[in-house]
Amino acid sequence: MTTPEALADSDVRAARTTVNAPARADLHRPGSDTVRTAATRPNHWIDHWEPEDPTFWSTIGRRIARRNLYPSIFAEFLGFSVWASWSIVVPQLAAAGFTLTVDQQFWLIAIPSLVGATLRVPYTFAVPRFGGCNWTITSALLLLLPASGLAFVVSRPATTPFWMLLVVAALAGLGGGNFASSMANISFFYPEAEKGRALGLNAAGGNIGTAAVQLAVPLVIVSSAGLRLERAGLMLLPLILLAAVLAARLMNNLTVAKADYRAFGSAVRNRHTWIISLLYIGTFGSFIGYAGVFPTLLATQFPRITVSIAFLGALVGSVSRPVGGILADRWGGARVTIASFAVMAVAASSAVMALRTASFALFLGSFLVLFVASGAGNGANYRMIPAVFRHSATTGEGIAAARKAAAGCIGIAGAAGAFGGFLIPRGFAISHTLAGNLQPALWVFVGVYVVLGVTTWAVYQRRSAPMSAAVI
């Protein structure tokens, strides 16, 4: 049986092999018959990487890139699982012996998203600084802190103050930062023609971690001795260690992975970066925000319904993300984004009606539609980014600069979008405090979706808009 170590060693040997001749500049043109040496140093470092060279990619590059992709997906999957762990733990705290106000419960749900969103920018630059393999190992092992901390605090309801719960919940934000570093790392391995599929798999694999933890926790915390809520953290520990081991055995660091601060600065100065970031708050922010509050909403609004079905929201939202990208490739990202916001506005209005009539079926259906539309809009937003920046490029140099600025925009938008995971729970908390119910928050969300849909149309689809002629 071939072991992971043997596979890694064989790829390293292949990466060190020069075919047919010594290295010469004229032998290493893209499409040449000679494979250029991918010199490998100790500690998983690869000094040469040319994914755009068809010969290099077909003989060496694709195999190494795939070997790096799958451990990255698994590590990101666990990052999202840790990030979302408090979303399913909070509804169980009362049964475990904790006495919390509604506002405190929503704080515990919101704070991981706030921390995760803040960490996404520095995590993006960690890969060029420390290496993709090294940082995947480090960021995976950092997840031991929130997982073990969760197991510790929930098992001591009599002696654990709220501030300690809040600190441990904040540590779960480390999992939210993993998305940015994982996406940045995989982007360096793949050529432009295959980058979209690889990043889509990486992102979808991470998002499913939210559904997985919401499905698994209600199953593992039940025992003959009663509720064992600490298992919500303990079950993650061996998986986190496995992710670190797989990264150490199979992944690589690329010396060509450099932080492009100019591209980041160019993206910061471009107004479309901030427009798209605002749209991304409405799509991905809605997905992660609703995924966080959905278990608590079900437990408080329909207490007779088991909370274990909460995973359905995150699941359908994750699956619809690549579908949104596919539709955007055909119809344009802006059109699909507008349609997504329209559907989200209708679904949020329907959720208000469900609360007024106490209809569980309507409430569940409305939120599942919200998840599907937010996931599809999420995929469409990502499709818009390269199209928007490519539209203004007219020369070879301009295209290269636009591509770099688009990469910077992806990082900024990804960080901005995650703040939606903080805003939505806090919106529900404020609504409950001021009005005693969740309906005002939902009406505000309806208004936001209408504004974001109109903004997308005005900037990218309106006939007199500068970009109306392009398929954005």
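It is to be established whether one or more residues within the range 386-400 are within 21 Å of the chain's Cα centre (by Cα) and open to solvent by 40 Å² or more (accessible area, probe 1.4 Å). Checked against the condition, which is being within 21 Å of the chain's Cα centre (by Cα) and open to solvent by 40 Å² or more (accessible area, probe 1.4 Å), the range 386-400 yields at least one hit.
Among the residues of the range 155-165, is any within 26 Å of F287 (Cα to Cα), open to solvent by less than 30 Å² (accessible area, probe 1.4 Å) and either in a helix (DSSP H, G or I) or out of contact with any His (no Cβ under 9 Å at 6 or more places or on another chain) (or both)?
Checked the range 155-165: at least one residue is within 26 Å of F287 (Cα to Cα), open to solvent by less than 30 Å² (accessible area, probe 1.4 Å) and either in a helix (DSSP H, G or I) or out of contact with any His (no Cβ under 9 Å at 6 or more places or on another chain) (or both).
Among the residues of the range 208-229, those identified as β-branched (V, I, T) and surrounded by fewer than 18 Cβ atoms within 10 Å (Cβ to Cβ) are V220, V222.
Scanning the range 137-151 turns up at least one residue that is more than 20 Å from T118 (Cα to Cα) and of a type outside the set (G, A, S). Within the range 433-465, the set of residues being over 20 Å from S366 (Cα atoms) and surrounded by 15 or more Cβ atoms within 10 Å (Cβ to Cβ) comprises T455, T456, W457, V459, Y460, Q461, A465.
Across the range 155-183, the qualifying residues are those that are more than 30 Å from G132 (Cα to Cα) and touching a residue at least 24 places away in the same chain (Cβ under 8 Å), and the one among them that is nearest to the chain's Cα centre (by Cα) is L166. In the range 181-199, the condition of being of a type in the set (A, V, I, L, M, F, W, C), open to solvent by 10 Å² or more (accessible area, probe 1.4 Å) and under 18 Å from G377 (Cα atoms) is met by at least one residue.
For A232, the conditions (1) without any contact (Cβ under 8 Å) to a residue 12 or more places away in the chain; (2) hydrophobic (A, V, I, L, M, F, W, C); (3) buried (at least 17 other Cβ atoms within 10 Å of the Cβ) all hold with the exception of (1).
For the range 340-357, the candidate set comprises residues that are more than 16 Å from F287 (Cα to Cα) and in contact (Cβ under 8 Å) with a residue 24 or more places away in the chain; within that set, the residue that is most open to solvent (accessible area, probe 1.4 Å) is R356.
For the range 399-419, the count of residues that are in contact with a Gly (Cβ under 9 Å, 6 or more places away or on another chain) and not in a helix (DSSP H, G or I) is nonzero. For the range 328-337, the criterion of a residue being crowded, with 16+ Cβ neighbours inside 10 Å, more than 25 Å from G206 (Cβ to Cβ), of a type in the set (K, R) and at pLDDT 90 or above is satisfied by at least one position.
Checking each residue in the range 63-97 for being outside any helix (DSSP H, G or I) and either surrounded by fewer than 20 Cβ atoms within 10 Å (Cβ to Cβ) or at positive phi (or both) picks out only G97.
If the condition is being within 16 Å of L370 (Cβ to Cβ), part of a helix (DSSP H, G or I) and in contact with a Leu (Cβ under 7 Å, 6 or more places away or on another chain), then the range 432-454 contributes Q439, L452. Here's a check for you: in the range 42-62, which residue that is assigned to a helix (DSSP H, G or I) and open to solvent by 20 Å² or more (accessible area, probe 1.4 Å) is nearest to N202 (Cα to Cα)? Filtering first and then ranking leaves R62.
Looking at the range 245-252, is at least one residue without any contact (Cβ under 8 Å) to a residue 24 or more places away in the chain and either over 26 Å from S308 (Cα atoms) or surrounded by 23 or more Cβ atoms within 10 Å (Cβ to Cβ) (or both)? So that I can check it myself, show each step before the final result.
Residues of the range 245-252 that are without any contact (Cβ under 8 Å) to a residue 24 or more places away in the chain, as a first pass: 245.
If we keep only those that are either over 26 Å from S308 (Cα atoms) or surrounded by 23 or more Cβ atoms within 10 Å (Cβ to Cβ) (or both) as well, we get 245.
Yes; the residues of the range 245-252 include at least one that is without any contact (Cβ under 8 Å) to a residue 24 or more places away in the chain and either over 26 Å from S308 (Cα atoms) or surrounded by 23 or more Cβ atoms within 10 Å (Cβ to Cβ) (or both).
Determine whether the range 256-274 contains at least one residue that is basic (K, R), modelled with pLDDT under 95, within 21 Å of F419 (Cβ to Cβ) and open to solvent by less than 30 Å² (accessible area, probe 1.4 Å). No, there is no match, as no residue in the range 256-274 is basic (K, R), modelled with pLDDT under 95, within 21 Å of F419 (Cβ to Cβ) and open to solvent by less than 30 Å² (accessible area, probe 1.4 Å). Only a single item in (1) crowded, with 22+ Cβ neighbours inside 10 Å; (2) within 25 Å of the chain's Cα centre (by Cα) is not met by L364, and it is number (1).
Among the residues of the range 311-344, which ones are under 21 Å from L442 (Cα atoms) and within 19 Å of the chain's Cα centre (by Cα)?
The answer is F311, L312, G313, A314, V316, G317, T337, S340.
Within the range 434-454, the only residue that satisfies the criterion of being modelled with pLDDT under 95 and among the polar types (S, T, N, Q) is N437. Number of residues in the range 120-136 that are open to solvent by 40 Å² or more (accessible area, probe 1.4 Å) and out of contact with any strand residue (DSSP E or B) (no Cβ under 9 Å at 6 or more places or on another chain): the value is 4. On inspection, A401 passes the criterion of being at pLDDT below 85 and more than 24 Å from V319 (Cβ to Cβ).
Tell me, please, whether a residue that is assigned to a helix (DSSP H, G or I) and hydroxyl-bearing (S, T, Y) can be found in the range 458-468. So far as the range 458-468 goes, yes, one or more of its residues are assigned to a helix (DSSP H, G or I) and hydroxyl-bearing (S, T, Y).
The values are calculated or read from the model by the stated rules, or taken from the named source; none is laboratory data. This structure is a prediction, so every number in the text was calculated from the model and none was measured. Cβ atoms come from the backbone with ideal geometry, glycine included; neighbour counts cover every protein chain shown. The area values use the complete protein model at the heavy-atom level, side chains included, leaving out ligands, DNA and RNA. Shrake-Rupley method; radii C 1.70, N 1.55, O 1.52, S 1.80 Å.
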